[in-house]
1. If you take just the helices (runs of 4 or more DSSP H) that sit entirely in the stretch A:345-446, which of them hold at least 2 residues that are surrounded by fewer than 15 Cβ atoms within 10 Å (Cβ to Cβ), away from every other protein chain (no Cβ under 14 Å) and at pLDDT below 95?
2. How many residues are under 18 Å from residue B:204 (Cβ atoms), in contact with a helix residue (DSSP H, G or I) (Cβ under 7 Å, 6 or more places away or on another chain) and part of a helix (DSSP H, G or I) if we restrict to the stretch B:138-193?
3. For the stretch B:111-144, give me each residue that is on the phi > 0 side of the Ramachandran plot and out of contact with any strand residue (DSSP E or B) (no Cβ under 9 Å at 6 or more places or on another chain).
4. Residue B:116 passes all but one of (1) surrounded by fewer than 15 Cβ atoms within 10 Å (Cβ to Cβ); (2) away from chain A (no Cβ under 13 Å); which number fails?
5. Any residue at all in the stretch B:130-139 that's within 14 Å of chain A (Cβ to nearest Cβ) and at pLDDT 90 or above?
6. What residue, among those in the stretch A:242-251 that are touching a strand residue (DSSP E or B) at 6+ places or on another chain (Cβ under 6 Å) and surrounded by fewer than 24 Cβ atoms within 10 Å (Cβ to Cβ), is nearest to residue A:198 (Cα to Cα)?
C-alpha cells in the first residue's frame with residue numbers, strides 16, 4: 001500500500017478507497033440490511049462530496065485542514081492502558097464506565113457497573129448480531145445521511161460504538177459514562193463510532209459521552225449518536241469533547257422525544273483543532289421538554305462550530321437553549337441555532353440564548369439564530385450577547401487579594417458555571433470546575 | 001502605618017485631590033468627612049489602586065512600602081482592605097468560594113498555610129454570627145440579589161475574615177437603616193485594636209455615634225482643611241459644611 005501524503009491525498013477519492021477496501025474484507029460478514037445501508041451511505045457520500053463555500057449549512061465551517069489530512073482506517077487492536085485512560089479522562093467512580101477505542105468497546109479498560117436487569121450496554125458491533133432486529137430498526141432511523149456527508153461517511157464506515165437499551169419503566173441509578181478515545185498511534189486515522197441509545201417509556205438515565213485523544217495525535221472523529229427517548233422518560237445527557245488539539249471532531253447527535261419526555265444535554269467543547277457539532281432534536285409527540293445547553297472554551301487557533309436544530313413538530317412542547325462561548329487567542333467559534341415550529345405545533349415555548357465572553361482582540365464569534373415559525377400561538381425568544389470581563393468585578397477581586405490571572409479565571413468560571421453546574425456526574429463536574437479555576441484535579445481515588 | 005503626603009490625583013483631566021496629607025497610626029480610627037465632590041471616594045480609590053485615578057504628585061507610604069508602586073492585589077495582601085461604597089455583584093461564584101480564594105491568596109503571601117473548605121467554613125460562621133448574617137449568604141453568589149444592607153454587612157464580614165492591617169470604609173453607612181448601621185458599626189468596633197488602623201469615610205456624622213473616631217478630618221476641594229477630635233464631627237453635624245466653606249473663602253481672601 002502506498003503511503004498517502006498531503007500532496008497526493010484527495011479526500012473524497014481517498015475515503016472512497018478506504019471504504020472499498022473495508023467492504024471487500026468485511027462486507028460479507030454483515031447482515032444484508034446493514035450492508036445495504038452502508039452501500040447506500042457511501043453512494044450518497046460519493047454524490048455529495050464535501051460542502052463548498054456556497055453551501056449555507058457549511059459556510060462558516062472551515063474544513064480545509066480536515067480535508068488536507070490523509071487518513072487511514074484504524075487497526076482493530078490498541079495498546080492503550082488503564083493508565084492512559086486515567087490520564088486522559090477524569091475519574092468518575094460513581095458511574096459505569098465503558099471505554100471505546102476507535103469505535104470498539106474495550107472491556108479490559110472499562111468498569112461496567114451493576115445495572116438493572118434488562119439494561120443493555122454493548123458494542124454496536126456485537127449488538128448487530130445479538131440484537132439484530134432491534135438495532136436494524138433504530139440504526140439510521142434518525143440520522144439521515146442524504147444531506148450530511150459526514151453522517152453518510154459514518155454510516156458507511158462505522159465498525160462499532162455504543163448500543164444502550166433501557167427497558168420501559170427502568171430507572172438506571174448508576175450514570176453511564178461512555179468514553180470514546182481515538183488512538184492514532186501510527187498515522188492519522190478516521191474513527192467513526194456509531195451509537196444507538198434507546199430509552200423506554202418512563203425510564204430514567206444519566207448519560208455522559210466523553211471524547212478524547214492523545215496529545216499531539218492527528219485524527220478525524222466522525223461520530224454519530226442516535227438517542228430515542230420514550231414517553232415520559234427522562235434523560236440527562238452531557239457530552240465532553242476534549243480531543244487532541246491537533247485532531248478534528250465532526251460529530252452529530254440526533255434525539256427524538258416522545259410524549260411527556262424530558263431530555264437535557266450539556267455539550268462542553270474544550271479540545272480539537274477543527275470541531276463541528278450538529279445536534280438535532282425532534283419532538284415527535286406532545287408535552288415533551290428539551291434542553292440543549294453548550295459551553296465552548298476555545299483558544300489558540302481552534303475553530304469550533306455548533307449547529308443545533310430543534311424541531312417543534314408537535315404542539316405543547318418546550319425547548320430551552322443556552323450556548324455559552326469563552327473565546328481567547330485567534331479562535332473562531334460559530335453558533336447556528338435553528339428552531340422550527342411547524343404549523344400545528346401550537347403552544348410551543350422555545351427559548352434560545354447565545355452568550356460569548358471574548359477574552360482577546362483576535363477571537364471571532366459568528367452567531368446566527370434561525371427561527372422558522374409556522375404556528376401562530378407560540379412563544380419563541382432568542383438573544384445573543386458578546387462581552388468582555390467586567391472591569392469593576394476584576395478590580396473587586398484584586399482588591400480582595402486575588403491576582404489578575406486568578407481574577408480572570410474566577411470570572412471566566414463564573415460565566416461558564418451555569419452550564420457546568422448542570423453536568424449530571426458530580427465527579428466530572430468537580431473536574432471541570434477545577435480545570436476552569438486552574439486548580440489541580442481532585443485525587444483520582446475520589 | 002499610613003503616611004499620605006501632598007497627594008494629587010485626577011480622573012481623566014479633572015484634578016480631584018489637590019495636596020492631601022494624612023498620617024494614620026496603628027490603633028487609631030480616623031474619620032474623613034466632607035461634602036459631595038470633595039474627593040472622599042477618590043481618596044479611597046487611590047489607596048486601593050483603582051486604575052482610573054492617576055496620581056500626579058505626592059506619595060503614599062504604607063508600613064514602609066511605597067503603596068503607589070503596588071498592584072491592587074499586592075496592596076490587599078500587604079494588609080489594606082477597602083469596604084466598597086458599591087460592592088460588586090459576581091453571579092456564578094459563591095460568596096464562600098470567593099472569600100476563601102481571597103483569604104488563601106493573602107495567607108499564602110503571609111507564608112501561612114491555606115485553609116481548606118471545612119476550616120474556612122468554621123471561621124466564616126464565627127464571623128457571620130457577630131454580624132448577624134444569615135449563613136445562607138455564604139452559598140449565594142457574591143452580592144447577587146443582596147439588599148443594600150446585606151451588601152454592606154458582607155463587606156464588613158469580608159473584612160473580618162481577611163483581617164487587614166488598615167481598613168478603609170468608603171461610605172459604609174450609605175443606604176443603611178438604623179438597625180443595620182448598629183450591626184455594621186458593632187462589626188467594625190470588634191475589629192478595633194492596637195495593631196489596626198481604620199479610616200472611616202462618610203458624609204454624615206451618624207455613623208460616628210457608633211464608631212467613635214480618635215480623629216476627624218474635613219476634606220474640602222481635595223485637601224484636608226480641618227482636623228480635630230470627635231467633637232469636630234458634632235460641630236459639622238450642627239453647622240453643616242457651609243461653615244467650612246465660608247471659612248475657606250475667608251482664608252483665601254486674606
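The values are calculated or read from the model by the stated rules, or taken from the named source; none is laboratory data. The model shown is predicted, which means the values in this text are computed figures rather than measured ones. Reconstructed Cβ throughout: ideal geometry from the backbone, glycine too, with neighbour counts over all protein chains shown.
1. Numbers: elements: A:391-399, A:404-420, A:426-436.
Per the criteria, no element qualifies.
2. Going through the stretch B:138-193 one residue at a time, the tally reaches 9.
3. If we filter the stretch B:111-144 for residues that are on the phi > 0 side of the Ramachandran plot, which is where we start, we get B:111, B:132, B:143.
Within the stretch B:111-144, B:111, B:132 meet the criteria.
4. All conditions are met except number (2).
5. Looking only at the stretch B:130-139, we keep the residues that are within 14 Å of chain A (Cβ to nearest Cβ), and these are B:139.
Of the ones still in play, those that are also at pLDDT 90 or above are B:139.
Checked against the condition, which is being within 14 Å of chain A (Cβ to nearest Cβ) and at pLDDT 90 or above, the stretch B:130-139 yields at least one hit.
6. Narrowing the stretch A:242-251 to residues touching a strand residue (DSSP E or B) at 6+ places or on another chain (Cβ under 6 Å): A:242-244, A:247-251.
Retained after the next criterion (residues that are surrounded by fewer than 24 Cβ atoms within 10 Å (Cβ to Cβ)): A:242, A:244.
Details: A:242: 25, A:244: 30 Å.
Among those residues, the one meeting the criterion is A:242.
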